[in-house]
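Heads up: the structure comes next, in structure tokens.
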Amino acid sequence: MTIPQMNPVLSVRDLATSFFSQRGEVQAVRGVSFDVFPGEVLGIVGESGSGKSITAMSILRLLKASGRIKSGSVHFDGQDLTALDEADLRDIRGNRIGMIFQDPMTSLNPTLTVGEQVIETILRHRKATRAEARARAVELFELVRIPSAAERLKSYPHEFSGGMRQRVMIAIALACDPKLLIADEPTTALDVTIQRQILGLLKDLQSRLGMAIILITHDLGVIAEVTDRIVVMYGGLVMETGPVRDLFARPMHPYTRGLLASVPDLRDETHRRLTPIPGSPPDMAHPPTGCPFTPRCPHAMRQCQAALPPIFGTGHGARCWLHHPDAPSSFTSSSGGEVSAQRRVRGPSS
Ligand SMILES: Nc1ncnc2c1ncn2[C@@H]1O[C@H](COP(=O)(O)OP(=O)(O)O)[C@@H](O)[C@H]1O
Ligand code: SF4
Ligand SMILES: [Mg+2]
């Protein structure tokens with residue numbers, strides 16, 4: 001999908017969030033900026049610990065007590081969410097911004113029927129009678145393709161499979177027609193076939209309802225077919241951002257290349273990772289001054305450790321010194337070749 005020029009639904013600028021404890025400060029998010037446009041699916045990807053969930057939690061102001069937004073802004077619908085009080089935020093969460101998390105079992109109340117939980121969400125945010133809310137709940141279950149919708153409202157969460165529970169969570173997230181849906185690893189706990197069904201459902205709902213979606217995952221392969229643009233995060237920073245096709249065809253950042261090379265081959269029944277990136281992510285209690293990927297990067301130069309690169313490029317850009325106008329050109333000129341095989345495996349169809 002081509003994104004026409006329009007105002008973003010969500011604008012995150014220079015967002016920095018840290019956790020404070022006796023051990024000191026953990027700099028989970030270190031100045032993240034991105035936009036989400038109406039009707040697009042934005043993927044946020046990166047290995048575990050790169051700051052994806054804390055970015056989402058900061059947007060929704062759902063941080064634990066030890067977490068604090070240190071700086072930056074989050075504009076949604078003309079308001080800066082970082083400046084709102086708790087009462088106004090409650091009106092936005094679950095209403096104008098829907099949320100889905102990884103494990104529906106911990107998000108659903110095991111003591112209430114799923115129908116009760118959907119109806120409760122509707123009544124919390126909308127002026128409706130119980131009967132109207134119930135009718136809407138049936139409609140929502142049909143929308144997320146839960147068979148025998150009216151019947152299944154009477155079931156408890158444990159009576160559903162993992163995939164069906166995630167559909168219930170999606171129904172709850174959609175209950176109030178949100179403008180934006182934030183889905184954090186919504187399919188990670190599910191097997192590969194169910195994952196694809198749920199992602200297909202999200203994409204279908206996005207085009208039918210016209211909302212914007214932020215889809216967070218550690219698996220770049222999973223989201224190639226459903227996202228319009230991708231933000232790659234590492235060490236609490238945006239490393240690369242661009243339209244999904246460009247990013248798969250011409251990854252600019254060595255980290256993105258590493259992620260692409262580690263995408264499992266779906267034709268291989270073991271779904272094994274091809275080539276994992278050697279090494280491990282930085283300790284965010286002591287983030288490096290320079291590029292956080294330096295110890296793992298096959299292209300690292302002296303400059304990389306000394307200073308954090310800015311993002312080079314607009315539209316499709318990367319935070320990497322290799323894209324400085326005076327950098328040696330071997331990396332950029334060889335872009336694309338080594339990942340073209342990956343693209344055939346899981347890249348967006350052209
Ligand atoms: N409650 C917490 N207290 C201290 N550090 C935290 C807390 N939650 C997350 N972090 C740290 O913040 C960083 C980013 O975490 P997170 O956003 O959850 O990563 P992911 O990309 O896997 O979603 C990690 O280094 C993690 O250890
Ligand atoms: S800035 Fe340097 S270390 Fe970081 S990704 Fe680019 S080349 Fe590698
Ligand atoms: Mg996470």
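Each Lys and Arg adds +1 at its Cβ and each Asp and Glu adds -1 at its Cβ; summed about the Cα centre, the chain shows a dipole of about 80 debye. Summing Cβ point charges (Lys, Arg +1; Asp, Glu -1) relative to the Cα centre of the range 106-175 gives a dipole of roughly 160 debye. Helix 192-209 and the longest principal axis of the C-alpha atoms of the chain enclose an angle of approximately 70°. Within the chain, antiparallel bridges make up roughly 60 percent of the DSSP beta bridges whose residues both belong there. Which residue, Ala137, Ala300, Ala183, has the most motion in a Gaussian network model of the chain that connects Cα atoms within less than 10 Å? The residue that fluctuates most here is Ala300.
The helix-only estimate of mean residue ellipticity at 222 nm for the chain, built from DSSP H runs of length n ≥ 4 each weighted as -39500 (n - 2.57), is -9000 deg cm²/dmol after division by the residue total.
Between Met301 and Leu123, what FRET efficiency comes out of the Förster formula 1/(1 + (r/R0)^6) with R0 = 56 Å and r the beta carbon distance, rounded to 0.05? After rounding, the FRET efficiency stands at 0.40.
From most to least packed by mean Cβ count within 10 Å, the peptides 200-213, 24-37, 304-317 give 24-37, 200-213, 304-317. Classify the range 183-300 as rounded, prolate or oblate, taking a ≥ b ≥ c as the square roots of the eigenvalues of its Cα gyration tensor: rounded when a/c is under 1.5, otherwise prolate if a/b is larger than b/c and oblate if not. Prolate shape, in that a/c is at least 1.5 and a/b is the bigger ratio. Would you work out if the chain is rounded, prolate or oblate? Take a ≥ b ≥ c from the square roots of the eigenvalues of the alpha-carbon gyration tensor; rounded if a/c is under 1.5, else prolate when a/b is larger than b/c, oblate otherwise. In terms of gyration-tensor shape, prolate.
Accessible surface for the range 85-132, divided over its residues, is 55 Å² per residue with a 1.4 Å probe. Ranking Ala128, Gln166, Val138 by how far each Cα lies toward the positive end of the dipole of the range 106-175 (charges on Cβ) leaves Ala128 at the top.
The charge dipole of the range 93-231, taken about its Cα centre with unit charges on the Cβ atoms of Lys, Arg (+1), Asp and Glu (-1) only, comes to about 560 debye. An oblate overall shape is assigned to the range 100-188, the ratio a/c of its alpha-carbon gyration tensor axes (a ≥ b ≥ c) being 1.5 or greater and a/b not exceeding b/c.
With the chain treated as a Gaussian network of Cα nodes joined by springs under 10 Å, which of Leu89, Leu181, Leu112 yields the largest mean-square fluctuation? Taking springs between Cα atoms under 10 Å, the residue moving most is Leu112.
The values are calculated or read from the model by the stated rules, or taken from the named source; none is laboratory data. Note that this is a predicted model, so its numbers are computed, not measured. Methodologically, a virtual Cβ is constructed for each residue, glycine included, from the backbone with ideal geometry; neighbour enumeration extends over all protein chains shown. For the accessible areas, the whole protein counts, side chains as well, though only heavy atoms, and no ligand, DNA or RNA atoms are used. Shrake-Rupley method; radii C 1.70, N 1.55, O 1.52, S 1.80 Å.
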